[in-house]
Structure formats: structure tokens, C-alpha cells
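Bear in mind these aren't lab numbers, they're just calculated from the coordinates by the rules spelled out. Because the structure is predicted, anything quoted here is derived from the model rather than measured. Reconstructed Cβ throughout: ideal geometry from the backbone, glycine too, with neighbour counts over all protein chains shown.
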Amino acid sequence: MKTAPSFLPPAIRRAAGFTLIEVMIVVAIVAILAAVALPSYKNYVMRGRIPEATSTLAAQQVKMEQWYQDNQTYATGGACGVAAPATGKYFSFTCTNASATTYLLTATGIGSMTGFSYSIAQDGTKTSAVTGVSGWSGPTPNNCWVTTTGGMC
């Protein structure tokens, strides 16, 4: 490190740099910002993954209604007339309770979305469940797809 010439007063000759206190203050500020930003970012990412479930279920519902219009039943051979996609990136999809007049399409979270579950029935009834996910809860009454924290649809 280069120092000032010796003919300058001692206050000016002081070496340039940061003191330990200054560095610790900056570290503390960064830690506080990270403590606030990280949970918000995690929540933002989760909300961004939910549309995979809701949009796939909505598309499958349309396909089931088209199947019903053509075949006058939701089922074929004891299964849903239109097979739901087995897995997406964050959700697995199933079709259950298929009969001539009923079905239930369900999206269940996998990986980082474990704990989320969405479903829709033949009459358009939407339900959701969120278990074991910090800050998230299912809606009350359970008649919609929860898309934000606190059970909000």
C-alpha cells in the first residue's frame, strides 16, 4: 500500500482503507437485508410454481367436458376418458372417481412444492389443501385454489 509523503502532517499520512468497525457495519446491514429478502423470494418462487397445477387442471377439465360431449360419459373402462398428465415439473396429476357422471382431477405437489394439493370436480368445484408449508394455509371455506399465503385465493 502506498503512503503519503513524509512532509505531510500525520493525519493526512494515514493509510487508506476500511476499519474493522466499518466492515462489520456493512456485514450487519447485508445480513439484515438477506434475512428480509430470502423469505420473500422463497414465497415469490412458490407462487410462481402454482400456475402449473391450476392451468393444467383447467385444461384437463376442458378435455374431460369435450370427452363427455362425444361419449356421454366421463369414464371409459373404469378410468377417466382423458388421461391426466402423470407429472409436471412441480406437480403430479391424477384423475379419480371417474364414472358416467363424475370425476375428480387432482394436482399434488412434488419436490419443493410438497404440501400443496389442488383439485377440481366435474361440477367445477375447486378445492385446495396446503399442509406443512410455513406461512401458507388452505382457504376457508375450501372452495377455491389458494395462490398466496394466508389461505388467499
Please report, to two decimal places, log10 I(q)/I(0) for segment 8-138 at q = 0.17, 0.23 Å⁻¹ as given by the Debye formula with identical point scatterers on the Cα atoms and no solvent.
-0.90, -1.25
I want to check the label-to-label distance for LYS89 and GLU22. Put each point 7 Å from Cα in the C-beta direction and report it in nm to one decimal.
4.4 nm
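In percent, what relative contact order does the chain have, based on Cα pairs under 8 Å that are 6 or more apart in sequence? Spell out each step's value before the answer.
Details: 221 pairs, mean separation 18.9, N = 153.
Computed value for the chain: 12 percent relative contact order.
Quick check for me: using +1 on Lys/Arg Cβ and -1 on Asp/Glu Cβ, what's the dipole size of segment 18-151 about its Cα centre, in debye to the nearest 20?
Details: 6 positive and 5 negative charges, 29 e Å.
Here segment 18-151 has a charge dipole of around 140 debye.
For the pair LEU38 and LYS63, what calculated FRET efficiency results from E = 1/(1 + (r/R0)^6), where r is the Cβ-Cβ distance and R0 = 35 Å, to the nearest 0.05?
Details: r = 39 Å, r/R0 = 1.12.
That pair, LYS63 with LEU38, gives E of 0.35.
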Note, segment 90-97: 3J(HN,Hα) by Karplus (6.51, -1.76, 1.60, θ = phi - 60°), whole Hz, Gly/Pro = x, goes 10, 9, 10, 10, 9, 10, 10, 6
Treating cross-link reach as a plain straight distance, find the aspartates and glutamates whose alpha-carbon is under 13 Å from the alpha-carbon of LYS89, omitting any fewer than eight places away in the same chain.
GLU52
Rounded FRET efficiency, nearest 0.05, which uses the C-beta distance separating CYS153 from ASP70 and R0 of 41 Å:
0.80
Considering the options ALA28, THR94, THR76, tell which one lies farthest towards the positive end of the dipole of segment 22-101, charges being +1 on Lys and Arg and -1 on Asp and Glu at the Cβ, about the Cα centre.
ALA28
Amide H neighbours of PHE91 under 5 Å, counting only residues 5+ apart in sequence or on other chains, H built in-plane at 1.01 Å?
ILE110
In nanometres, the difference between 0.36 nm per residue of separation and the alpha-carbon distance of ASN142 and ILE29 is 36.5 nm
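Nearest 500 deg cm²/dmol is fine: what mean residue ellipticity at 222 nm does the chain get from its DSSP H runs of n ≥ 4 alone, each adding -39,500 (n - 2.57), divided by its residue count? Working shown, then result.
Working: 2 runs with 56 residues, N = 153.
That comes out to -13000 deg cm²/dmol.
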